[in-house]
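Taken together, the values in this text are just the output of simple stated rules run on the coordinates, not laboratory data. Because the structure is a prediction, the values reported are computed rather than measured. Here the Cβ is made from the backbone with ideal geometry for all residues, glycine too, and neighbour counts use every protein chain on show.
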Amino acid sequence: MSLKAVSQKPTVAVHKFSSCDGCQLAFLNLGEHLIKLTELVDILHFVEAGPIDFDSPVEIAFVEGSISTEEEAERIQAVRKNSRFLITIGACATAGGIQALKNMNDEKAWTAAIYAQPQYISTLATATPIAQHVRVDLELHGCPINSHQILSTIRALLFGVTPVQDQDKLCSECKRLGKVCVMVTQQMPCMGPVTRTGCGVLCPRQNRDCYSCYGPAENVNTASLSQQLISLGLSKTDVARRFMLFNNQAPEYAAAVMHIREAK
């Protein structure tokens, strides 16, 4: 991955699909750094920030959100065609997000129970990650992602190198920060042993257990953690819910849920 061959300022687009806008806010939260960023790249499309140009070809397309409607399934094809690099941002785009919980239930029954006139709701039966529809060049994980991920990714591409992804486990970062393990000391059902670092140990630093906002880390042992959570008093259903929450379409977590449901 490299932008070194580009003779003028690289162009960027930020596209939204089914999501809460949290990952787009990571751009806006850059504040003055966002102004500095515009000196290095041209942001051609970013509805949340102002510029609108859905169809303009760009070097980098950041995509937030899952594919949940027929219109989105068509639009992501155009985004892929018009971008040199397509980078998904956040749990919705990389692993389905919370809305993908409907994949495991009767979507029509849910819609009828929530909306007074469900006939006006146009949605697919499932919410799926972007990578299930088009080729993705890089995935930035988190719910939401943090601003540092955006800057480091663009900076790496500008220097002509492949962005480095931290796939270390949250537990390792807890130890580096000197944070005492909440699972060991307080018997909290923490997801840290299988969760990718990146949040700054937000929950454990507040004496709360991790809910795996950043999704699975590298080489995770979900079976071992499942047994540990059960030993702490969680039911199998509650353990499955832990894996299903933010990143239920991540292969590692989907397999963990299947294993829990099949276990006697």
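Using the Cβ atoms and a cut-off under 10 Å, what net charge is assigned to the surroundings of Lys179, where Lys and Arg are +1 and Asp and Glu are -1?
Local net charge: +2.
Please give the net charge around Thr94, taking every other residue with its beta carbon less than 13 angstrom from that of Thr94, where Lys and Arg add +1 and Asp and Glu add -1. Don't skip to the end; give the middle numbers.
Numbers: positive: Arg196; negative: Glu64, Asp137, Glu139, Glu252.
Neighbourhood net charge equals -3.
If the cut-off is 20 Å between C-alpha atoms, which aspartates and glutamates fall inside it for Lys175, apart from same-chain ones fewer than 8 positions away?
Reachable aspartates and glutamates: Asp166, Asp209, Glu218.
Give me, ordered by chain and number, the residues 5 or more places off His15 or on other chains with an amide H under 5 Å from its own placed amide H.
Amide H neighbours of His15, under 5 Å, 5+ apart: Phe62, Val63, Glu64.
For the range 49-97 and the range 101-168, what is the separation of their C-alpha centers, rounded to whole Å?
Their Cα centres are 9 Å away from one another.
If you plug each phi of the range 84-89 into the Karplus form 6.51 cos²θ - 1.76 cosθ + 1.60 with θ = phi - 60°, what whole-Hz ³J(HN,Hα) values come out, in order, with x for Gly and Pro?
Listing the rounded values in order: 6, 10, 10, 10, 8, 10 Hz.
Got a sec? How would Arg261, Arg242 order by Cβ neighbour count within 10 Å, fewest to most?
If I rank by nearby Cβ atoms, fewest first, I get Arg261, Arg242.
If amide hydrogens are placed 1.01 Å from N in the peptide plane, which non-local residues have theirs closer than 5 Å to the one on Asp42?
The answer is Thr11, Val12.
Treating only the Cβ atoms of Lys and Arg (+1) and Asp and Glu (-1) as charged, compute the dipole magnitude of the chain about its Cα centre; round to the nearest 20 debye.
It works out to roughly 800 debye.
For Lys9, list the aspartates and glutamates whose Cα falls under 16 Å from its own Cα; do not include residues on the same chain fewer than 8 positions away.
Partners within reach: Glu39, Asp42, Glu59.
Step through the residues of the range 152-163 one at a time and calculate ³J(HN,Hα) from phi using the Karplus curve (6.51 cos²θ - 1.76 cosθ + 1.60, θ = phi - 60°), rounding each to whole Hz and writing x for Gly and Pro.
Couplings: 5, 5, 5, 4, 4, 5, 5, 8, x, 10, 6, x Hz.
Taking the 0 to 90 degree range and rounding to the nearest ten, how far is the long axis of helix 70-81 tilted relative to the main principal axis of the chain, both from C-alpha atoms?
Once rounded, the angle reads 60 degrees.
With a 10 Å Cβ neighbour count serving as the proxy for reagent exposure, in which order, fewest first, do Leu225, Leu86 appear?
Leu225, Leu86
Quick check: convex hull over the Cα atoms of the chain, volume per residue in Å³, rounded to an integer? Could the numbers behind the result be given before it?
Working: hull volume 38.8 nm³, N = 264.
Roughly 147 Å³ of hull volume per residue.
If Lys and Arg each add +1 and Asp and Glu each add -1, what is the summed charge of the other residues whose beta carbon sits under 15 Å from the beta carbon of Glu39?
Neighbourhood net charge equals +1.
Using only Cα atoms and rounding to the nearest 10 degrees, what angle (0 to 90) does helix 251-262 make with the longest principal axis of the chain?
30
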